[in-house]
Amino acid sequence: MDFLKRRVPTLIVLIVGFLMIGTFFVPMEASEALSKGATKWIRLIAAFTLIIGISSLLRAHVRKIYNMSAGWGYSLTLIIAFLTMTILGFAKGIEDGTYFMWAFNNIQFPLAATTFSLTAFFICSASYRAFRARNIEATIMLVAAIIVMVGRIPFGEMLTDALPQNIKFLGLDNMTSFILDVFNMSARRAVLLGVALGGIATSLRIILGIERSYQGKD
Amino acid sequence: MALIGNETIGIWIAAILTLAIYSFLYKDNPAYKFAEHIFVGMTAGYTLCIAYYNVLQPNLINELSEHNYWVLIPAFLGLLMFSRFFSNIAWISRIPISFVIGVGAGISIPYSVQGSLMKQSSSTITPLITGNMSDIWHIFTFADISNILILLGVVSVLFYFFFSIEQNKGLKYLSKIGIIYLMIFFGASFGYTVMGRVSLVIGRIRFLLVDWLGPFIGLS
Amino acid sequence: MKFDRRIIYLFVVIAIALPIIFPLNLKVKTTKEVLGVYDPIEKLPEGSKVLLVYDYEPSSGPELDPMASAVLSHCFEKKLKVVGMCMWINTGAAIAEKNMTQVAKMYNKVNGTDYVNLGYKSGGYAVVLGMGDNIRETYPMDYHRRKLDELPVMKGINQLRDFDYIVVIHDDSSVFSWINYGYERYPDRVRIGTGCTAVMATGNYPPLQAKQITGIIGGLKGASEYEKLIDYKRKHGKSGPATAGMDSQSVIHMFIILLIVLGNIMYFTVDKKKRNND
């Protein structure tokens with residue numbers, strides 16, 4: 001049983017992983033067909049993962065309603081909202097002009113946009129409470145943030161226009177561009193290189209069966 | 001049902017739900033929780049409809065109706081994933097997951113090396129002195145200075161994250177330069193994050209003032 | 001010095017609302033990053049094919065909808081064929097439907113003839129790879145469940161490299177899938193421009209410098225620059241949504257800087273005395 005539970009999945013990853021790497025380096029019709037076929041299968045399997053995510057969510061909330069746990073009324077709201085959207089979608093389709101799109105435009109879209117916009121208020125509050133120039137590094141960060149925040153608004157551009165031509169490069173929008181093109185870009189690139197190397201190393205560890213956390217616990 | 005589809009009703013519903021979410025800023029309350037659960041439920045319903053109409057119907061059901069029975073194999077693998085919900089056979093879901101992980105890991109290695117590693121590295125290693133060598137004041141152009149700073153930045157930041165060796169003496173200064181680059185990067189990221197988040201509030205408040213209250217206060 | 005954070009929230013709302021009620025009409029300057037997306041589209045001849053990728057959630061809608069509308073308007077004015085799709089975030093399908101229908105109405109464009117929304121396909125990188133091989137196999141039908149062969153707009157579009165320009169509007173890292181699996185496969189043919197939230201904009205500078213993408217429309221500011229480039233105000237009689245938002249953006253940024261400065265003054269004076277006494 002351990003062979004089926006542990007060894008077979010590891011073997012699948014090993015064989016499929018090396019085959020996929022091979023398709024890149026062997027430009028034959030057979031390897032192209034293999035790569036095409038694998039990606040086709042991935043697109044279909046990924047759709048089922050969406051449904052599994054929905055099932056997990058509904059399971060948790062149905063359990064809450066069944067047990068009448070604290071807040072079960074909200075879970076009932078969730079289930080009703082889910083059923084409403086599903087019925088609207090399957091009854092009349094999902095194109096523009098349907099009840100489904102009306103619900104998306106007037107309920108889901110505003111709710112999503114508003115929920116995410118709450119973070120702006122917390123950032124403003126955190127700016128007052130937590131953003132302190134405690135040391136040199138924090139001061140550098142603070143100054144860079146202020147330059148970018150002023151440089152990227154029309155007000156900052158107006159200040160630059162007011163400068164004489166020979167020192168316009170000291171204007172806030174020009175300094176912002178320099179910060180983004182040089183300092184930000186360099187640091188991001190270094191992080192990107194590190195992430196790419198780490199990703200490649202992790203992928204190799206997964207293919208070789210050293211990393212098996214994707215299999216979960218027994 | 002006649003209420004659904006009406007634009008004015010839609011704007012009023014959106015405005016009421018927007019205010020319900022914003023009521024959280026005062027304190028957590030039932031109106032906020034109610035709106036939040038509606039959002040999650042509707043998103044789940046939306047996802048199911050999109051998964052059916054955009055993926056399962058064209059790529060599975062229509063293929064089967066055209067006698068392309070090979071799609072049954074990935075469909076079967078997808079169905080095997082549902083075994084996760086039953087603890088005694090949950091291990092079966094490892095098979096489709098292994099396939100997905102294997103393909104993803106295998107495909108990502110060469111493309112990451114090419115797109116992320118090699119291209120980004122080659123773009124860092126650029127000519128550093130392209131000015132007029134005979135004129136001492138114009139040996140370095142502005143682009144050269146930028147390229148030198150970029151090379152220094154990438155190397156020093158990469159070096160800062162190198163924790164396998166002891167960073168002492170001269171190497172310590174390279175690491176400190178990396179920290180300066182990182183601090184400026186974090187500052188720029190913070191500035192842009194503020195810009196991004198604030199834009200969302202601007203959008204919502206514009207909706208409330210212009211689309212919802214606009215006809216009453218002369219703003220539309 | 002601590003005080004109730006709800007007072008800060010109230011001032012944030014006031015700082016944003018006042019410029020909406022009393023517009024400042026501040027001028028917006030264009031940057032080379034946004035020109036990097038505008039110029040390639042501007043140079044395309046009539047009938048060229050543009051792929052517009054809507055890889056964002058409704059939560060980023062207030063920031064990205066204006067730039068999607070501006071880019072789409074530009075394409076329609078130039079009489080380009082536009083194909084919309086999404087592959088990273090499934091809500092992009094309905095957002096594309098909403099946005100394309102809305103803008104198409106302004107330019108009397110016909111769905112299926114001048115533009116089409118292909119909808120969503122799951123699989124992320126697998127979709128980009130699939131489109132690189134055969135678009136019809138990846139997307140047998142569009143969002144309205146019509147076969148692609150029946151649509152005049154899809155004539156001559158069989159693979160990713162048949163598009164003359166690709167604009168990826170995203171609020172996460174999906175553009176890297178387009179770069180690694182799209183641009184790197186066909187670097188002489190595929191050209192990508194990106195529109196993204198301000199949060200993601202800083203992360204797109206490495207591929208911009210490496211010329212893997214031609215330009216970045218970053219956040220609401222980027223969208224306002226694009227609206228200026230397409231002369232939105234003159235054509236529609238009023239400022240675009242992004243340009244109108246820049247007044248509030250300017251005021252709130254100055255307010256946040258004031259908060260930071262105030263907080264630091266408090267930290268170094270009033271609170272320092274308290275800390276020393278403790």
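The values are calculated or read from the model by the stated rules, or taken from the named source; none is laboratory data. Computed from a predicted structure; not experimentally measured. We place every Cβ from the backbone using ideal geometry, glycine too, and count neighbours over all the protein chains shown.
Condition check ((1) more than 8 Å from chain B (Cβ to nearest Cβ); (2) under 24 Å from the mean Cα position of the chain (by Cα); (3) modelled with pLDDT under 90; (4) farther than 30 Å from C:VAL270 by Cβ) across all residues:
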residue	(1), (2), (3), (4)
A:ARG129	yes, no, yes, no
A:ILE140	no, no, no, no
A:ILE147	no, no, no, no
A:GLN165	yes, no, yes, yes
A:SER177	yes, no, no, yes
A:MET185	no, yes, no, yes
A:LEU197	no, yes, no, yes
A:LEU204	no, yes, no, yes
A:GLY209	yes, no, no, yes
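Across the range B:105-138, the qualifying residues are those that are crowded, with 23+ Cβ neighbours inside 10 Å and not hydroxyl-bearing (Ser, Thr, Tyr), and the one among them that is nearest to A:ASN184 (Cα to Cα) is B:GLY115. Is it fair to say C:ASN158 is farther than 16 Å from A:LYS40 by Cβ, assigned to a loop (DSSP other than H, G, I, E, B) and in contact (Cβ under 8 Å) with a residue 12 or more places away in the chain? Criteria met by C:ASN158. Here A:GLY156 meets the list (1) surrounded by fewer than 17 Cβ atoms within 10 Å (Cβ to Cβ); (2) of a type outside the set (Lys, Arg); (3) at pLDDT below 90 almost entirely, failing just condition (1).
On the given criteria, is B:ILE202 out of contact with any strand residue (DSSP E or B) (no Cβ under 6 Å at 6 or more places or on another chain) and within 22 Å of C:GLN249 (Cα to Cα)? Criteria met by B:ILE202.
Step by step: first the residues of the range C:119-153, then only those that are among the polar types (S, T, N, Q) and buried (at least 24 other Cβ atoms within 10 Å of the Cβ), then the one that is farthest from the chain's Cα centre (by Cα). Which residue is that? Spell out how you get there, then give the answer.
Here is the first cut: in the range C:119-153, the ones among the polar types (S, T, N, Q) are C:122, C:134, C:138.
Of the ones still in play, those that are also buried (at least 24 other Cβ atoms within 10 Å of the Cβ) are C:122, C:138.
Values: C:SER122: 21, C:THR138: 24 Å.
For the range C:119-153, the residue satisfying everything is C:THR138.
Among the residues of the range B:181-220, those identified as over 20 Å from the mean Cα position of the chain (by Cα) and β-branched (Val, Ile, Thr) are B:ILE184, B:ILE202, B:ILE205, B:VAL210, B:ILE217. Selection of the range B:146-176 for residues being touching a helix residue (DSSP H, G or I) at 6+ places or on another chain (Cβ under 9 Å) and of a type in the set (S, T, N, Q) yields B:SER146, B:ASN147, B:SER156, B:GLN167, B:SER175.
Criterion applied to B:ALA35, B:ALA75, B:ALA14 was being surrounded by 18 or more Cβ atoms within 10 Å (Cβ to Cβ) and touching a residue at least 24 places away in the same chain (Cβ under 8 Å), and the one residue passing it is B:ALA14.
Would you point out the residue of the range C:176-228, among those that are among the hydroxyl-bearing types (Ser, Thr, Tyr) and touching a residue at least 60 places away in the same chain (Cβ under 8 Å), that is nearest to B:SER122 (Cα to Cα)? Only one residue fits best here, namely C:THR214. When you look at C:VAL175, is it more than 10 Å from chain B (Cβ to nearest Cβ), assigned to a helix (DSSP H, G or I) and modelled with pLDDT under 95, yes or no? Here the answer is yes, as C:VAL175 does meet what is asked.
Could you please find all residues in the range C:252-278 being aromatic (Phe, Trp, Tyr) and either more than 16 Å from A:ILE123 (Cα to Cα) or modelled with pLDDT under 85 (or both)?
If we filter the range C:252-278 for residues that are aromatic (Phe, Trp, Tyr), which is where we start, we get C:255, C:267-268.
C:TYR267, C:PHE268 - these are the residues of the range C:252-278 that are aromatic (Phe, Trp, Tyr) and either more than 16 Å from A:ILE123 (Cα to Cα) or modelled with pLDDT under 85 (or both).
C:ALA94 meets the conditions (1) among the small types (Gly, Ala, Ser); (2) farther than 26 Å from C:LEU35 by Cα; (3) crowded, with 23+ Cβ neighbours inside 10 Å; (4) more than 12 Å from chain A (Cβ to nearest Cβ) in every case but one. The failed one is (4). Tell me, yes or no, whether the range C:159-170 has at least one residue that is facing chain B (nearest Cβ under 10 Å) and either out of contact with any Phe, Trp or Tyr (no Cβ under 6 Å at 6 or more places or on another chain) or closer than 18 Å to C:MET87 by Cα (or both). No, the range C:159-170 has no match at all. Annotation note: of C:LEU129, C:LEU208, the sole residue that is more than 9 Å from chain B (Cβ to nearest Cβ), out of contact with any Leu (no Cβ under 8 Å at 6 or more places or on another chain) and of a type outside the set (D, E, K, R) is C:LEU208.
Of the residues contained in the range A:73-93, none is found to be outside the structural domain of A:VAL16 (by TED's automatic domain parsing), under 30 Å from B:ASN29 (Cβ atoms) and of a type in the set (Gly, Ala, Ser). Per the listing B:ALA44, B:ALA15, B:ALA51, the residue uniquely under 23 Å from A:ALA70 (Cα atoms) and part of a helix (DSSP H, G or I) is B:ALA44. Any chance the range B:41-58 includes a residue that's farther than 26 Å from C:MET85 by Cβ and buried (at least 20 other Cβ atoms within 10 Å of the Cβ)? Yes, the conditions are met somewhere in the range B:41-58. For the range C:193-219, a tally of residues being under 10 Å from C:ASP171 (Cα atoms) and not in a helix (DSSP H, G or I) returns 3. Identify the residue in the range A:116-127 that is over 23 Å from the mean Cα position of the chain (by Cα) and either at the interface with chain C (Cβ under 7 Å from one of its Cβ atoms) or hydroxyl-bearing (Ser, Thr, Tyr) (or both) and, among all such residues, is farthest from B:LEU17 (Cα to Cα). Only one residue fits best here, namely A:SER127. As a summary of the residue check, C:ARG191 satisfies the conditions (1) away from every other protein chain (no Cβ under 13 Å); (2) of a type in the set (Lys, Arg); (3) more than 27 Å from A:SER177 (Cα to Cα) except for the one numbered (3).
Of the residues A:LYS92, A:LYS168, the single one that is of a type in the set (D, E, K, R) and closer than 27 Å to C:VAL28 by Cβ is A:LYS168.
Please indicate, with yes or no, whether at least one residue in the range C:245-258 is among the small types (Gly, Ala, Ser), within 14 Å of chain B (Cβ to nearest Cβ) and within 22 Å of C:ASP39 (Cβ to Cβ). No, that holds for no residue. Going through (1) surrounded by fewer than 23 Cβ atoms within 10 Å (Cβ to Cβ); (2) closer than 27 Å to C:GLY222 by Cβ; (3) among the hydrophobic types (A, V, I, L, M, F, W, C) one by one, C:VAL116 falls short only on (1).
Looking across the range C:207-227, just one residue is more than 17 Å from B:ILE150 (Cβ to Cβ) and surrounded by fewer than 24 Cβ atoms within 10 Å (Cβ to Cβ), and that is C:THR214. Does A:VAL191 count as surrounded by fewer than 18 Cβ atoms within 10 Å (Cβ to Cβ), at the interface with chain B (Cβ under 9 Å from one of its Cβ atoms), at pLDDT 90 or above and not in a loop (DSSP other than H, G, I, E, B)? No, not satisfied.
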